[in-house]
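I have placed the structure first, in the form of structure tokens, so that the comments after it can refer back to it.
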Amino acid sequence: MEAKKNLLYEHEECIKRGNKIAYFSMEICVDHKIPTYSGGLGILAGDTIRSAADLGVPLTAVTLLYKKGYLKQKIDGQGYQQELPEEWNPQEVMVKLPIRIQVEIEKRKVAVECWMYLVRGIDGSNVPVYFLDTDLPENNDFDRSLSYYLYGGDERYRLAQEIVLGVGGVRILREMGHKDISHYHMNEGHASLLALELLNNFNNLEKNNWDIEQVKKRCVFTTHTPVSAGMDQFPYPLVEQVLGEIIPFDLLKSLAGAERLNMTQLALNLSHYINGVAKKHGQVSCEMFPGYHIDSITNGVHSATWVGKYFAELYDQYIPGWKSDPFSLRYALNIPDGEVWQAHQKAKGELIEYINKVSNSAFEKEVLTIGFARRATTYKRADLIFYDLNRLKEIAGKKGKIQLVFAGKAHPKDGPGKELIAKVVRISQQLSDSDNIKMVYLEDYNMDLGKMLTSGVDVWLNTPKKPQEASGTSGMKAAHNGIPSFSILDGWWVEGCIEGVTGWSIGSAANLESIEQEEADSLYRKLEMEVIPAYYNQRAHWINIMRHCIAVNASFFNTHRMVLQYVSNAYL
Ligand SMILES: *Cc1c(COP(=O)(O)O)cnc(C)c1O
């Protein structure tokens with residue numbers, strides 16, 4: 001880590017400049033060495049911050065410190081996930097700031113301190129990221145443990161963490177001297193207690209005349225899930241015990257729901273700008289929450305972070321300046337065939353070398369390799385491609401060999417998600433005698449493995465159950481590396497798919513909800529008639545698809561475009 005003195009000096013400069021936007025997220029992935037994320041939400045937060053820094057957007061981010069991370073995954077011989085803590089040392093990667101505030105949890109005063117990581121933009125702008133820490137000697141064991149695990153523990157633990165994030169976050173910013181914050185951006189409902197802290201700040205408790213508009217005009221809310229089961233909800237007796245009467249309960253119930261404290265509801269009622277994360281997700285959200293105006297800003301990825309080394313060299317040569325201006329990736333259509341193919345083969349070679357080192361699956365560089373990596377949760381349907389295993393074997397036998405690489409962690413409490421991993425691992429064992437299909441499940445999906453996969457496979461497969469994929473971003477990473485998606489028409493792919501030009505769709509756009517049999521059939525038909533033949537017999541056509549992934553999709557599905565939309569639609 002660079003000298004602490006410099007970091008502190010630059011941090012002071014950020015405060016003096018006045019970072020007007022405060023971005024709150026339960027998980028943020030700022031660096032592959034800092035395991036404080038579980039999946040897409042945290043990766044998106046990190047990419048957002050990196051783009052904001054590059055673009056000079058005056059932003060400060062707030063999240064929690066998790067000293068034991070999310071989980072380190074091992075998979076046993078039967079395919080069952082084992083979870084180990086992911087210990088890391090904040091001292092090695094961030095600096096502790098000399099600052100402290102308190103929040104009340106179960107009527108106890110809990111001390112909160114803060115670590116800072118500075119994200120540096122390409123042109124010298126910085127975004128400070130604050131990691132709130134309660135693991136301090138004066139706190140009791142439960143309060144200290146709030147800084148151990150992301151998404152660990154029970155409802156009580158979760159609510160207490162959300163108090164630290166929302167209430168503690170606002171207080172830390174104030175204590176730090178951040179003045180004139182014009183917008184508080186809640187990245188998902190976990191952060192929405194911040195709006196209650198603001199409500200208290202803007203109101204004289206004696207008057208009992210709550211000025212909700214003061215809060216609304218400062219709050220922005222991005223919703224990330226199209227299923228209500230995925231939203232945090234807490235029973236009021238628990239709220240009373242853990243949070244206490246932070247605002248009068250009548251008022252809280254009118255804002256957050258009569259039955260339970262629904263964090264999404266709270267954020268919807270206290271924000272002037274609300275958005276979903278893809279066009280389709282915006283529409284689905286409007287139907288879920290009638291009466292609210294819900295816009296959409298489609299997600300992206302940070303181009304310079306997700307382009308692998310070999311394509312980065314190619315872009316440097318043919319599209320200089322692409323890192324600060326990823327829109328210029330549209331010129332990728334001019335990169336010669338041979339060079340696109342060579343860059344891809346080098347990235348693929350590295351992935352295959354890795355796979356063969358960590359497993360005994362003997363992958364080959366010339367064989368069509370299909371990747372599938374995402375959180376192992378049932379709606380993502382990692383097993384759809386095995387709907388009819390004999391048909392899959394027949395296709396690979398007749399049309400050309402395939403290799404399948406899987407990865408993904410299940411949440412420790414997600415039993416069905418763990419069964420899904422075990423099922424996929426079992427199938428890979430059944431296939432071990434097949435000449436035409438090779439398969440591997442890689443352990444411990446994280447940012448580094450994600451990058452290796454989304455730059456090293458030939459096709460990126462995504463088969464979520466509609467309409468549950470809010471956006472999905474891994475296919476955007478693949479597009480940045482010239483890799484076509486083969487995917488259900490849900491989330492971002494509704495916008496990104498041009499059939500046979502940027503990849504292939506699975507199933508019909510007309511069905512709003514998934515029909516598994518039809519989708520499996522569509523998957524097999526396209527794999528047999530289009531994907532495998534194009535890969536083995538029409539190389540020029542294939543490379544043309546690769547170039548269109550970059551020119552049409554990477555140039556648009558990046559966080560530079562996304563952050564600029566937040567600036568003009570939400571922050572200004
Ligand atoms: C990009 C990424 C995700 C999110 O991918 P989805 O397509 O949204 O499922 C999750 N985990 C890791 C490690 C990633 O890199």
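Some observations on this one:
- Checked against (1) modelled with pLDDT of 95 or more; (2) outside any helix (DSSP H, G or I), Ala347 passes all but a single condition, namely (2).
- Matching residues in region 18-42 - criterion: being in contact with a Gly (Cβ under 6 Å, 6 or more places away or on another chain) and either in a helix (DSSP H, G or I) or away from the ligand (no atom under 16 Å from the Cβ) (or both): Phe24
- Screening Trp493 on (1) under 24 Å from Lys393 (Cα atoms); (2) hydrophobic (A, V, I, L, M, F, W, C); (3) surrounded by 24 or more Cβ atoms within 10 Å (Cβ to Cβ) shows it passes everything except condition (1).
- Residue satisfying all of: in region 43-61; closer than 21 Å to Pro90 by Cβ and under 16 Å from the mean Cα position of the chain (by Cα); nearest to the ligand (Cβ to nearest atom) among these: Ile43
- Residue within region 345-354 that is within 16 Å of the ligand (Cβ to nearest atom), in contact with a strand residue (DSSP E or B) (Cβ under 6 Å, 6 or more places away or on another chain) and under 17 Å from Glu443 (Cα atoms) present: no
- Pick from region 467-505, criterion under 18 Å from the mean Cα position of the chain (by Cα) and among the charged types (D, E, K, R), ranking: farthest from Tyr535 (Cα to Cα): Glu469
- Out of Asn360, Asn390, sole residue that is polar (S, T, N, Q), assigned to a loop (DSSP other than H, G, I, E, B), more than 16 Å from the ligand (Cβ to nearest atom) and without any contact (Cβ under 8 Å) to a residue 60 or more places away in the chain: Asn360
Conditions tested, residue by residue: (1) assigned to a loop (DSSP other than H, G, I, E, B); (2) closer than 24 Å to Ala376 by Cβ; (3) out of contact with any Lys or Arg (no Cβ under 6 Å at 6 or more places or on another chain); (4) at pLDDT 95 or above.
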position: Asn6; (1), (2), (3), (4): no, no, yes, no
position: Lys16; (1), (2), (3), (4): no, no, yes, no
position: Leu44; (1), (2), (3), (4): no, yes, yes, yes
position: Gln73; (1), (2), (3), (4): no, yes, no, yes
position: Gln82; (1), (2), (3), (4): no, yes, no, yes
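- Test: residue in region 29-47 that is buried (at least 24 other Cβ atoms within 10 Å of the Cβ), under 30 Å from Val358 (Cβ atoms) and hydroxyl-bearing (Ser, Thr, Tyr): yes
- Subset of region 48-64 [touching a helix residue (DSSP H, G or I) at 6+ places or on another chain (Cβ under 8 Å), surrounded by fewer than 24 Cβ atoms within 10 Å (Cβ to Cβ) and not β-branched (Val, Ile, Thr)]: Leu55, Pro58
- Residue count for region 226-252, restricted to those that are hydroxyl-bearing (Ser, Thr, Tyr) and modelled with pLDDT of 90 or more: 1
- When Leu523 is tested against (1) within 24 Å of Lys438 (Cβ to Cβ); (2) of a type in the set (A, V, I, L, M); (3) in contact with a Gly (Cβ under 7 Å, 6 or more places away or on another chain), just one condition goes unmet, and that condition is (3).
- Criterion violated by Tyr292 - all others in (1) assigned to a loop (DSSP other than H, G, I, E, B); (2) of a type in the set (Phe, Trp, Tyr); (3) more than 29 Å from Val220 (Cβ to Cβ) satisfied: (3)
The values are calculated or read from the model by the stated rules, or taken from the named source; none is laboratory data. Note that the structure is a prediction, hence the values are computed from the model and not measured. Methodologically, a virtual Cβ is constructed for each residue, glycine included, from the backbone with ideal geometry; neighbour enumeration extends over all protein chains shown.
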